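Below is one structure, written out as structure tokens; comments come after it.
The values are calculated or read from the model by the stated rules, or taken from the named source; none is laboratory data. Small disclaimer: the values here were computed from a predicted structure and weren't measured. As a convention, Cβ positions derive from the backbone with ideal geometry for all residues, glycine included, and neighbour counts pool all protein chains shown. Surface accessibility is based on the protein's heavy atoms, side chains included, excluding ligands, DNA and RNA. Shrake-Rupley method; radii C 1.70, N 1.55, O 1.52, S 1.80 Å.
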Amino acid sequence: MKKAGTLMHVGLAFAMAIILFGTSNSQIVKARTTSILTSNDVGVGNLLNPTEVAEISDEEVEKAHEFAQSINDEAMDEEEYEEEEESSKLVMANVSLAMNIRVSPDDESEKVGVLYKDCGGKIIEQQDGWTKIQSGDLVGWAKDDYLLFGEEAEALAQEVGVQLVTSKCDALRIRAEDNDEAEVLGVITDNSFVDMVEDLGNGWIAVDYNDQTGYVQTDFVATDFRIDEGETIEAIAAREAEEARKKAEEQEKAEKAKLTQNTGAVSASTDEARLLAALIYCEAGNQSYEGKVAVGAVVMNRVKSGAYAGTIPGVIYASGQFTPALNGSVDRVYAGNIPDSCIQAAQAALAGETTCGTATHFRRAGGHDGQVIGAHVFW
């Protein structure tokens with residue numbers, strides 16, 4: 001009976017230790033007490049729910065408390081160790097621009113990506129002055145000469161990294177002050193994030209929102225410290241292709257803008273404007289409005305160039321230039337009815353508008369390099 005009573009007290013002390021310590025570290029308690037539970041011929045149910053209720057002294061309660069506290073302290077030490085171990089896996093690039101990451105620890109091996117200045121990752125393996133790292137999607141070997149480890153890596157990461165605040169709800173309100181009644185500066189959606197400024201410790205976090213300090217409630221966000229990551233060769237190729245596409249689009253827009261840049265208005269009489277409209281009809285009557293303006297612009301570009309006659313009639317009737325003017329077609333149209341679209345195109349050209357830049361020539365498309373508009377090519 002004495003042995004059973006002692007075990008009962010141990011069991012009750014153990015049960016109190018679990019209550020005092022909490023359930024979060026029950027696995028450690030379980031491991032610690034396995035020998036107690038298995039070395040005595042006593043059921044677990046009898047220990048935790050004894051059939052005989054024994055009195056427990058204050059001394060035994062204090063021992064149970066000390067037992068629970070010792071386990072708690074060790075668990076905290078283990079958590080700190082795990083954090084330190086995770087921190088020890090941190091690696092940062094120690095370069096001025098970028099370093100190559102290779103498929104194997106060899107200078108001649110295939111390059112799988114690039115780790116840039118202030119980028120980092122975690123250590124996977126180390127051997128012979130090389131470290132295998134993971135940085136985002138990039139996994140490969142880097143020379144230790146170009147890396148920082150331990151406290152140096154941690155210091156650099158803290159300097160260049162950012163603490164991100166990510167929304168956990170569909171529409172997270174960012175307020176001007178840290179209270180529910182403050183003005184709403186904006187809203188970010190689920191999984192969108194902003195930079196943290198400061199955790200106020202009162203249920204609110206200060207964030208950077210469009211260069212303003214805003215505030216979000218801690219309960220509706222997740223926080224995460226991040227450092228920049230490297231790029232794989234595939235990612236670099238995709239990025240460069242996208243950059244090239246955007247550059248080509250910008251160049252095309254610039255060229256189009258140049259082709260339509262106003263060249264300056266020219267004063268003309270009513271008769272000169274009508275003559276220009278008649279030529280436009282003869283040369284481009286069946287073309288789009290853009291094509292009509294282009295023909296008118298060619299005439300006006302010649303007037304302004306100094307290499308041709310300085311007047312509209314002088315350019316139109318110049319020998320060997322515009323066939324409709326030489327065979328009488330322009331005169332017949334001038335004397336008759338001219339479509340409104342041709343008159344409008346002539347007025348636009350006189351006002352300096354152009355759809356062919358500073359071109360001074362055009363002909364049927366296909367026989368010359370230049371800007372093609374409809375059936376004509378302009379240069």
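For V303, are the conditions met, namely being in a helix (DSSP H, G or I), under 47 Å from the mean Cα position of the chain (by Cα) and crowded, with 18+ Cβ neighbours inside 10 Å? Full working, then the answer.
On the way: in a helix (DSSP H, G or I): yes; under 47 Å from the mean Cα position of the chain (by Cα): no; crowded, with 18+ Cβ neighbours inside 10 Å: yes.
When the stated conditions are applied, V303 does not pass them.
Applying a threshold of 9 Å to beta carbon distances and a minimum spacing of six or more residues, or different chains, the list of pairs starting in segment 149-166 at a residue that is touching a residue at least 60 places away in the same chain (Cβ under 8 Å) and in a helix (DSSP H, G or I) and ending at one that is surrounded by fewer than 13 Cβ atoms within 10 Å (Cβ to Cβ) and not basic (K, R) reads A157/F225.
Given the residues G328, G310, which is the only one that is surrounded by fewer than 17 Cβ atoms within 10 Å (Cβ to Cβ), without any contact (Cβ under 8 Å) to a residue 40 or more places away in the chain and at positive phi? Walk me through how you get there before you give the answer.
Numbers: G310 fails: at positive phi.
One residue alone meets the criteria, G328.
Within segment 85-103, being open to solvent by 30 Å² or more (accessible area, probe 1.4 Å), touching a strand residue (DSSP E or B) at 6+ places or on another chain (Cβ under 6 Å) and at pLDDT 95 or above holds for N94, A98, N100, R102, V103.
The rows are residues; the columns are (1) under 25 Å from the mean Cα position of the chain (by Cα); (2) part of a strand (DSSP E or B); (3) at pLDDT below 95.
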{"site": "A206", "(1), (2), (3)": "yes, yes, no"}
{"site": "T213", "(1), (2), (3)": "yes, yes, no"}
{"site": "T223", "(1), (2), (3)": "yes, yes, yes"}
{"site": "A237", "(1), (2), (3)": "yes, no, no"}
{"site": "E242", "(1), (2), (3)": "yes, no, no"}
{"site": "K246", "(1), (2), (3)": "yes, no, no"}
{"site": "Q251", "(1), (2), (3)": "yes, no, yes"}
{"site": "T263", "(1), (2), (3)": "no, no, yes"}
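Could you please let me know if D228 is open to solvent by 50 Å² or more (accessible area, probe 1.4 Å), touching a residue at least 60 places away in the same chain (Cβ under 8 Å) and in contact with a helix residue (DSSP H, G or I) (Cβ under 8 Å, 6 or more places away or on another chain)?
Values: open to solvent by 50 Å² or more (accessible area, probe 1.4 Å): yes; touching a residue at least 60 places away in the same chain (Cβ under 8 Å): yes; in contact with a helix residue (DSSP H, G or I) (Cβ under 8 Å, 6 or more places away or on another chain): yes.
Considered against the rule, which asks whether it is open to solvent by 50 Å² or more (accessible area, probe 1.4 Å), touching a residue at least 60 places away in the same chain (Cβ under 8 Å) and in contact with a helix residue (DSSP H, G or I) (Cβ under 8 Å, 6 or more places away or on another chain), D228 comes out as yes.
Counting the residues of segment 189-199 that are open to solvent by less than 60 Å² (accessible area, probe 1.4 Å) and outside any strand (DSSP E or B) gives 1.
Take G366 and decide whether it is free of Cβ contacts under 8 Å to residues at least 12 places away in the same chain, in contact with a His (Cβ under 9 Å, 6 or more places away or on another chain) and not hydroxyl-bearing (S, T, Y). Can you show your working first?
On the way: free of Cβ contacts under 8 Å to residues at least 12 places away in the same chain: yes; in contact with a His (Cβ under 9 Å, 6 or more places away or on another chain): no; not hydroxyl-bearing (S, T, Y): yes.
No: the conditions fail for G366.
Specify the residue that is nearest to the chain's Cα centre (by Cα); the eligible residues are those in segment 169-178 that are modelled with pLDDT of 95 or more and surrounded by fewer than 16 Cβ atoms within 10 Å (Cβ to Cβ). Looking at residues that are modelled with pLDDT of 95 or more and surrounded by fewer than 16 Cβ atoms within 10 Å (Cβ to Cβ), I get A176.
Name the residue that is surrounded by the most Cβ atoms within 10 Å (Cβ to Cβ), counting only residues in segment 332-363 that are without any contact (Cβ under 8 Å) to a residue 12 or more places away in the chain and in a helix (DSSP H, G or I). Before the answer, list the steps.
First, pick out the residues of segment 332-363 that are without any contact (Cβ under 8 Å) to a residue 12 or more places away in the chain: 332, 335-337, 340.
Next, from what is left, pick out any that are in a helix (DSSP H, G or I): 332, 335, 340.
Numbers: R332: 12, A335: 10, D340: 9.
Only one residue fits best here, namely R332.
For segment 134-156, filtering for residues that are open to solvent by less than 10 Å² (accessible area, probe 1.4 Å) and touching a Phe, Trp or Tyr at 6+ places or on another chain (Cβ under 8 Å) leaves 1. Filtered by the rule that a residue be in contact with a Cys (Cβ under 8 Å, 6 or more places away or on another chain) and among the charged types (D, E, K, R), segment 224-266 gives D228, E229. In this structure, L172 does not qualify as in a strand (DSSP E or B), under 22 Å from D228 (Cβ atoms) and in contact (Cβ under 8 Å) with a residue 24 or more places away in the chain. Among the criteria (1) surrounded by 13 or more Cβ atoms within 10 Å (Cβ to Cβ); (2) closer than 30 Å to S88 by Cβ, the one T213 does not fulfil is (2).
Could you figure out which of (1) over 44 Å from the mean Cα position of the chain (by Cα); (2) modelled with pLDDT of 95 or more; (3) open to solvent by 40 Å² or more (accessible area, probe 1.4 Å); (4) under 22 Å from T323 (Cβ atoms) isn't true of V372? Result: V372 passes all but (1).
Within segment 244-256, is there a residue that is open to solvent by 20 Å² or more (accessible area, probe 1.4 Å), farther than 30 Å from V165 by Cβ and in contact with a Ser or Thr (Cβ under 9 Å, 6 or more places away or on another chain)? Scanning segment 244-256 turns up no residue that is open to solvent by 20 Å² or more (accessible area, probe 1.4 Å), farther than 30 Å from V165 by Cβ and in contact with a Ser or Thr (Cβ under 9 Å, 6 or more places away or on another chain). Taken over segment 263-290, the criterion of being among the hydrophobic types (A, V, I, L, M, F, W, C), out of contact with any Phe, Trp or Tyr (no Cβ under 7 Å at 6 or more places or on another chain) and surrounded by 24 or more Cβ atoms within 10 Å (Cβ to Cβ) is satisfied by L276, A277, I280, A284.
The residue list V293, V298 contains one member that is open to solvent by less than 30 Å² (accessible area, probe 1.4 Å), in contact with a Phe, Trp or Tyr (Cβ under 8 Å, 6 or more places away or on another chain), within 18 Å of T354 (Cα to Cα) and of a type outside the set (S, T, N, Q), which is V298.
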